[in-house]
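**Q** This is the structure I have questions about; it appears just below.
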Amino acid sequence: MDSSVPDRLQSRRRLLERLTVGPATSTELAEGSGLSQSAVDEQLDALERAGFGIRETARGYVVDACPEYGGGAIEYGLSAPVAVAYHNQLGSTNARARELATGGARDVAVVADEQTGGRGRRDREWTSPQGGVWLSLVLGPAAPARYAPIYTLAGAVAVARAVPAVVDARIKWPNDVLVDGRKLAGVLTETATTGGELDWLIVGIGINANVDPTDLPGDDPTSLQAELGTVDRRRLAQATIEHTYELADTPEEILPAWRTLADTLGRRVRIETDAETIVGEAVEVTFPGSLIVETPDGRRTVAAGDCEHLRSVPE
Ligand code: BTN
């Protein structure tokens, strides 16, 4: 975790990491977190105020209740080394993540219960009422700048892996997560580069979790609530962060994983790029995330654009 993540978040993260493992005395907590005994007591009080049940046993402190959602709740049991900056309401988690990233923070997830100015791809509005999972992960992978698109695909793979398998989430190129053709989630990545290398990377992920899809604009969106009933947002946010973190660490694994979850490959598609419209069959995806489309005029490699799945032409 980077030193510019606020100290308060870092020490809470370390404390919760230690408590996830099992009981710990206040001396053990102080040693493991680098905090003084009184700072440990303050953190434990703050966790209790946030809804944690913390009990003192003969072997030390144990957590016997965890709040439903929130910064500490997401950190408790989280296997990725990420601190969570949680807000009940924020304009956009990506915008806040950018502020933290430019200040030097890495390995932090900005999470909001509600966004009032959520942004989607191509600067579209992203409606983000309470109940969704709206988060932006700030990472600092050591990779060339030209790798940037692969991390967008990673976000979509992470979501498709994180949602309960029963919904059979699929990915529309490049990064829309669909259920039966309806949009469940989207990914917006932002990067800064220095000398041809990635400086920081923000993977912004929006999942329509416990929201009513009739409150959302767009082409027939869906939500996990509509598909399955209310889901555990804490587990969903944790799994999304963990999968994204893991994939960002192993970029060579992203494309194979994306292909197995793809809904686009083998379909007739219409791609709107800034310059043209391309219609044909989507036949492959290549590093760092371009779509290969077989058109009547030959194969085209498309790096970016809006993709629409078309009905196949009858033989
Ligand atoms: C898209 O499909 O257009 C991408 C949508 C990305 C939305 C998420 S919600 C969390 C993060 N904060 C934002 O403002 N946008 C992303």
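The values are calculated or read from the model by the stated rules, or taken from the named source; none is laboratory data. What you are looking at is a predicted structure, and each value in this text was computed from that prediction instead of being measured. Heads up, the Cβs are rebuilt from the backbone with ideal geometry, glycines too, and the neighbour counts pull from every protein chain shown. For the accessible areas, the whole protein counts, side chains as well, though only heavy atoms, and no ligand, DNA or RNA atoms are used. Shrake-Rupley method; radii C 1.70, N 1.55, O 1.52, S 1.80 Å.
**Q** Within the bounds of region 157-171, is there any residue that is of a type outside the set (S, T, Y), on the phi < 0 side of the Ramachandran plot and near the ligand (Cβ under 10 Å from one of its atoms)?
**A** no
**Q** Name every residue in region 104-126 that is β-branched (V, I, T) and either under 16 Å from the mean Cα position of the chain (by Cα) or under 17 Å from T244 (Cβ atoms) (or both), in order of residue number.
**A** Hits for region 104-126 are V108, V110, V111.
**Q** Identify the residue in region 67-105 that is open to solvent by 30 Å² or more (accessible area, probe 1.4 Å), in contact (Cβ under 8 Å) with a residue 60 or more places away in the chain and part of a helix (DSSP H, G or I) and, among all such residues, is nearest to W126 (Cα to Cα).
**A** That would be R98.
**Q** Let me ask something additional. Just give me the residues in region 217-249 being farther than 21 Å from Y69 by Cα, open to solvent by 10 Å² or more (accessible area, probe 1.4 Å) and either modelled with pLDDT under 95 or within 16 Å of the chain's Cα centre (by Cα) (or both), in sequence order.
**A** P217, G218, D219, D220, E246, A248, D249
**Q** For region 127-148, enumerate the residues that are within 8 Å of the ligand (Cβ to nearest atom) and either over 25 Å from A73 (Cα atoms) or under 14 Å from the mean Cα position of the chain (by Cα) (or both).
**A** G132, W134, L135, S136 - these are the residues of region 127-148 that are within 8 Å of the ligand (Cβ to nearest atom) and either over 25 Å from A73 (Cα atoms) or under 14 Å from the mean Cα position of the chain (by Cα) (or both).
**Q** Could you check region 27-75 and list, in sequence order, the residues that are small (G, A, S) and touching a strand residue (DSSP E or B) at 6+ places or on another chain (Cβ under 6 Å)?
**A** Within region 27-75, G53, G60, A65, G70, G71 qualify.
**Q** Do we have any residue at all in region 260-278 that's at pLDDT below 95, within 30 Å of A73 (Cβ to Cβ) and not basic (K, R)?
**A** Within region 260-278 (the criterion being at pLDDT below 95, within 30 Å of A73 (Cβ to Cβ) and not basic (K, R)), the answer is no, since none of the residues qualifies.
**Q** Now for a different question. Looking at W173, is it of a type outside the set (D, E), more than 25 Å from R96 (Cα to Cα), in contact with a strand residue (DSSP E or B) (Cβ under 6 Å, 6 or more places away or on another chain) and surrounded by 24 or more Cβ atoms within 10 Å (Cβ to Cβ)?
**A** Taking the combined requirement at face value, the residue satisfies it.
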